[in-house]
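Remarks on the structure that follows.
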Number of protein chains: 2
Amino acid sequence: MVAKNEHANRSGCPIACALDIFGDHWALLVIRDLAFFDRHEYKDFLHSEESISSNILSDRLKKLEAYSIISSLPHPDSQRRKLYYLTNKGKDLIPVLVSISRWSEQDLGKVVKIPPASRKMLVNNPDALVQETLKQIEQWEKSVGL
Amino acid sequence: MVAKNEHANRSGCPIACALDIFGDHWALLVIRDLAFFDRHEYKDFLHSEESISSNILSDRLKKLEAYSIISSLPHPDSQRRKLYYLTNKGKDLIPVLVSISRWSEQDLGKVVKIPPASRKMLVNNPDALVQETLKQIEQWEKSVGL
DNA sequence: TTGAAATAATTGCATAATGCAATCGTTTCT
DNA sequence: AGAAACGATTGCATTATGCAATTATTTCAA
């Protein structure tokens with residue numbers, strides 16, 4: 001890892017504990033890629049729109065794996081590539097991602113770009129968006145034999 | 001502010017945009033204090049369990065105010081003290097805080113300490129927790145004549 | 001009324017985290 | 001066999017954070 005995080009478990013507060021795990025600029029974006037964008041490989045995360053650095057990505061993948069939020073699988077086509085995926089603990093973060101998106105949609109105005117179909121579901125029935133996302137993840141899992 | 005954040009608006013992604021605002025170890029804790037713990041003053045935030053540093057607190061209050069997530073009021077008892085409170089934009093973050101708490105309750109185990117009454121509501125009816133929180137905020141607002 | 005405490009910051013400095021470009025050692029492709 | 005792809009790591013510059021001390025007011029209490 002790039003460096004140690006001195007803040008682990010500052011308190012028993014559920015929000016503080018969560019922030020000790022994903023309270024930074026990048027962790028949730030990796031989880032977003034896994035949850036919504038069907039990205040599962042190192043290079044996919046690396047090339048996502050926000051341009052994460054290679055060292056930071058490597059660090060976050062390790063941390064998220066250490067926290068059992070993600071896990072990985074050897075890629076069927078290659079022994080060196082890996083397929084990352086969300087554990088149940090990680091999937092449980094989808095409602096968090098959706099509520100954050102909902103807030104941005106409501107309160108951040110035009111800078112935020114969301115595909116119309118998703119936006120509609122996000123506004124009218126966020127729970128359905130969570131469910132649909134889970135369903136697509138299940139499909140992917142089946143496709144790799146998980 | 002302590003320093004400038006070079007990451008503003010990395011993309012149009014609603015999650016990335018949100019993280020550019022509160023994706024750090026402290027911002028959401030200040031919002032938590034305002035939302036759930038009836039803390040409204042600098043010293044209250046400063047003395048909260050996680051021990052935020054004075055310079056960081058000062059910085060976050062400025063940023064959150066700049067983003068119109070919080071606002072402030074002169075304290076009725078003192079001209080130097082201020083009363084901070086959540087704007088509508090800030091109140092819209094309560095569902096985010098609740099969903100994060102819910103995740104921690106579900107997936108972080110015993111390190112997380114939540115009062116039994118809140119935990120029950122968090123698990124069985126998170127929306128009700130949001131509503132109750134909003135109601136208590138309204139009461140406080142009334143009490144200071146907002 | 002005057003000195004002490006309280007309050008909201010700010011400063012300086014050490015440490016940690018991040019950003020960035022280059023590079024490494026494999027593996028895979030042609 | 002050589003080139004490209006890939007997952008990482010390294011070194012170094014910059015930015016953010018942590019921490020203790022300090023500041024300038026204001027408020028409180030003897």
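The values are calculated or read from the model by the stated rules, or taken from the named source; none is laboratory data. These numbers were taken from a predicted model, which means no experiment stands behind them. Cβ placement follows ideal geometry from the backbone for every residue including glycine, while neighbour counts extend to all protein chains displayed. Note: areas computed on protein heavy atoms with side chains; ligands, DNA, RNA excluded. Shrake-Rupley method; radii C 1.70, N 1.55, O 1.52, S 1.80 Å.
Tabulated data
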| item | result |
| --- | --- |
| Residues of the range A:37-58 satisfying the condition of being open to solvent by 20 Å² or more (accessible area, probe 1.4 Å) and at the interface with chain B (Cβ under 9 Å from one of its Cβ atoms) | A:E49, A:S51 |
| Residues of the range A:79-126 classified as among the basic types (K, R), loosely packed, with under 15 Cβ neighbours inside 10 Å, within 12 Å of chain B (Cβ to nearest Cβ) and under 21 Å from A:F45 (Cβ atoms), total | 1 |
| Residue in the range A:20-31 that is touching a strand residue (DSSP E or B) at 6+ places or on another chain (Cβ under 9 Å), farther than 23 Å from A:L134 by Cα and part of a loop (DSSP other than H, G, I, E, B) present | no |
| Test: A:K135 is loosely packed, with under 13 Cβ neighbours inside 10 Å and either modelled with pLDDT under 95 or not in a helix (DSSP H, G or I) (or both) | no |
| Test result for A:L61, touching a residue at least 24 places away in the same chain (Cβ under 8 Å), more than 14 Å from every other protein chain (Cβ to nearest Cβ), among the hydrophobic types (A, V, I, L, M, F, W, C) and part of a helix (DSSP H, G or I) | yes |
| Pair list, Cβ under 6 Å, 6 or more apart: the range A:16-31 residue more than 7 Å from chain B (Cβ to nearest Cβ), other residue open to solvent by less than 10 Å² (accessible area, probe 1.4 Å) and more than 11 Å from DNA strand C (Cβ to nearest atom) | A:F22/A:L28; A:V30/A:F45; A:I31/A:L93 |
| Extreme residue, nearest to DNA strand D (Cβ to nearest atom), among residues of the range B:71-97 that are charged (D, E, K, R) and more than 10 Å from the chain's Cα centre (by Cα) | B:R80 |
| Failed item, numbered, when B:V96 is tested on (1) part of a strand (DSSP E or B); (2) under 26 Å from A:D127 (Cβ atoms) | (1) |
| Within the range B:21-36, tally of residues that are within 13 Å of DNA strand C (Cβ to nearest atom), crowded, with 21+ Cβ neighbours inside 10 Å and under 22 Å from A:S51 (Cα atoms) | 1 |
